[in-house]
Amino acid sequence: MVKIPFFKRAGLVLAAATMLSVPSVSAASTSADAFTLYSNKSETQEALTNYAKTWGEANGVDVTIKVCSGSCTLGDQLKADFTAGDGPDVFVIEGQAGYDMWADFLTPLEGDWVDQTEFEFKQGDDVYGFPVSVEGYGLAYNADLLEEAGIDPATLDSFESLKAAMEDLENRKEELGLTTVVANATKEGETWIMGNHDFNAFLGGGLENGDRSVVEQTLKGEVDEQRMADYADWVELLFNHTEKQMLTVGTQEDMDIAFASGQAAFLHQGNWKDPNLKELEADFAMGFIPYQTLGTDTNADGLFIGAPSYYVVNKESAAMESITKFFNDMVSTPEGQDYIVNQANMISAFSTTTESPEAPMSAFLAQWVADEKPVYSFDSIYFTPDGFGMNNLGPIYGQFAQGNIDKAEFIKLMTEEIAKIPSLLGE
């Protein structure tokens, strides 16, 4: 079995994210008793805001929470804020590409929390990133609905078995009350769904955690033709069984509603959707099956799990002492652990956390990790040029979804776009 990895990236620099020029202004708070935190997760905004308010009142610190998600592009928004002299004290990066972009603005971090996680973001011997959470995904399923249909999720362990199950569900949509077999979307503003998370399966599917061989090949502009062909079959399978309107013009909210209401058997999202599904009163057992992206000869058996994002600190901030305490308390106090696990419905990245997630998707992933089941890298996509998945690849998925190109053309366009990566990186 492949255990959850140690995300120690000492000395690992696979890409220099130069697509977005970074401004020279780096304003942050000028007070030791106030700081701004910029998150990229609308799903946890309310919980984070409430925790920050309570913590701030108890510690005499004014904490402002801002969020960028959905159609908001974090890199572009941060660039605008820094240029306007309104750069936050704390903000989010998504792995190496994010670090490469903002390295000149960041300061190394210290704190008791560093020794309580295997998921901190490092450069050399220095820690720069506080892991927001452990997240993960496969293809989410409605266990109650599959049981009604006579389908055991454990049998969906190959491309052929999953294809047969989806075809069966497609033929029985009216009987089972389905409007779509899969809830998925590709429209502008949602291109991260396929361009980031699904493409990550091409980069890391079937590979032991930490195996960046396909990432390195991709960064050279090269594509394994068989791997891409197998991956295209997977994308075609998803698209064939997603209702056309949802796939082409739907939003992630449309996806959530369809899944939560029992009108979709599968949801193309991860455990970060727990808060949304709770709000939508989804009342059924759910879990994840592995993406079957490896063709008909190889069964994928792992889920994508890791620390996908990190809090980093603006080196110009005057509130470093307060920020350090904020991080330490989030990890070590009952209130901080309650926020991470129960209020934000996240999986803690810290070994000292005693709380266990109750939200169904997070609980499933936590048990998967505890059982030492196979895990594939969740962070591979962040070693490509910043925005590449959403902006360069995302529209290609959209064309395929709309029927403007066939599978052969999809493969051709994906291959051509990947070939541009070295020039995008200035090589």
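Give segment 16-43 a look and list any residue that's more than 20 Å from A97 (Cβ to Cβ) and either modelled with pLDDT under 90 or open to solvent by 30 Å² or more (accessible area, probe 1.4 Å) (or both), or say none. Talk me through it step by step, then tell me what you get.
Keep residues of segment 16-43 that are more than 20 Å from A97 (Cβ to Cβ), which gives 24-25, 27-37, 42-43.
S24, V25, A27, A28, S29, T30, S31, A32, D33, T36, S42, E43 - these are the residues of segment 16-43 that are more than 20 Å from A97 (Cβ to Cβ) and either modelled with pLDDT under 90 or open to solvent by 30 Å² or more (accessible area, probe 1.4 Å) (or both).
From the list A103, A140, A97, pick out the single residue that is in a helix (DSSP H, G or I), at pLDDT 90 or above and of a type in the set (A, V, I, L, M).
Details: A140 fails: in a helix (DSSP H, G or I); A97 fails: at pLDDT 90 or above.
None of the other options fit; the residue is A103.
In the set A185, A154, A140, which member is within 21 Å of G295 (Cβ to Cβ) and of a type in the set (A, V, I, L, M, F, W, C)?
Working: A185 fails: within 21 Å of G295 (Cβ to Cβ); A140 fails: within 21 Å of G295 (Cβ to Cβ).
Unique residue meeting the criteria: A154.
Tell me which residues, restricted to segment 66-94, are part of a helix (DSSP H, G or I) and free of Cβ contacts under 8 Å to residues at least 40 places away in the same chain. Don't jump to the end; show me each part of the working.
So the first thing to find is which residues in segment 66-94 are part of a helix (DSSP H, G or I), and the list is 74-83.
Scanning segment 66-94 gives L74, Q77, A80.
Anything in segment 358-377 that is open to solvent by less than 30 Å² (accessible area, probe 1.4 Å) and touching a Leu at 6+ places or on another chain (Cβ under 9 Å)? List them, or say none.
Hits for segment 358-377 are A359, M361, L365, W368, P374, V375, Y376, S377.
Of all residues in segment 106-124, which are at pLDDT 95 or above, of a type in the set (V, I, T) and not in a helix (DSSP H, G or I)?
Result: T107, single match.
Against the condition out of contact with any Pro (no Cβ under 8 Å at 6 or more places or on another chain) and open to solvent by less than 50 Å² (accessible area, probe 1.4 Å), how does P308 come out, does it pass?
So P308 fits the description; yes.
May I ask you to say which residue of D338, D329 is open to solvent by 30 Å² or more (accessible area, probe 1.4 Å), at pLDDT 90 or above and in the same structural domain as Y128 (by the TED database)?
Numbers: D329 fails: open to solvent by 30 Å² or more (accessible area, probe 1.4 Å).
The match here is D338.
Inside segment 171-282, counting only helices (runs of 4 or more DSSP H) that do not spill past its ends, which hold 3 or more residues that are closer than 26 Å to P308 by Cα and open to solvent by less than 50 Å² (accessible area, probe 1.4 Å)? Walk me through it before giving the result.
Numbers: elements: 173-176, 199-204, 213-219, 225-240, 244-249, 252-260, 274-279.
By residue number, 199-204, 213-219, 225-240, 252-260, 274-279.
The values are calculated or read from the model by the stated rules, or taken from the named source; none is laboratory data. Treat the numbers as computed from the prediction; the structure is a model and nothing was measured. Reconstructed Cβ throughout: ideal geometry from the backbone, glycine too, with neighbour counts over all protein chains shown. Quick note on the areas: whole protein, heavy atoms, side chains included, nothing else; ligands and nucleic acids left out. Shrake-Rupley method; radii C 1.70, N 1.55, O 1.52, S 1.80 Å.
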